Structure formats: structure tokens, C-alpha cells
1. Taking the options T12, T49, name whichever one is at pLDDT below 95 and surrounded by 10 or more Cβ atoms within 10 Å (Cβ to Cβ).
2. In region 1-51, how many are under 27 Å from the mean Cα position of the chain (by Cα) and small (G, A, S)?
Amino acid sequence: SIKIVWMIHKQTKLEHFQFHVMNSIEFRLNDLSKQLREMQKEYHDYIQTIGSESKINHDII
């Protein structure tokens, strides 16, 4: 009947909205994860640079 069709329609709209929200959250989470990996790599490279500079300066003295 009309009630069932209306309920199915409402449920479909809700599921579409929930999917959109979850998809947006997943996209942002993946983007943040990528940024974090890049920052960790930069930090690791920076620490290695400091360590090798310290070793070079120590050898000079």
C-alpha cells in the first residue's frame, strides 16, 4: 500500500544520507592518515640529518 511505499522511500533516503556521511568520514580519515605518514617520514628524515650532522661535527672537533 501507500504507507509501505512511503516507508521504503524514507528508508532509502536515510540510507543514502548515511552512506554519504560515512563516505565523507572515510575520505577525510584516509587524507589525515596520508598526512600523518608524510609528517612521520619528514620527522624521521630530519632526525637522521641531525644525527649525521652531529657525527660530522664531532669528528671535526
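The values are calculated or read from the model by the stated rules, or taken from the named source; none is laboratory data. Worth saying up front: this structure is predicted, and the values here are computed from it rather than measured. Counting neighbours? That spans all protein chains shown, and the Cβs are built from the backbone with ideal geometry, glycine included.
1. T49
2. Summing the residues that are under 27 Å from the mean Cα position of the chain (by Cα) and small (G, A, S) in region 1-51 gives 2.
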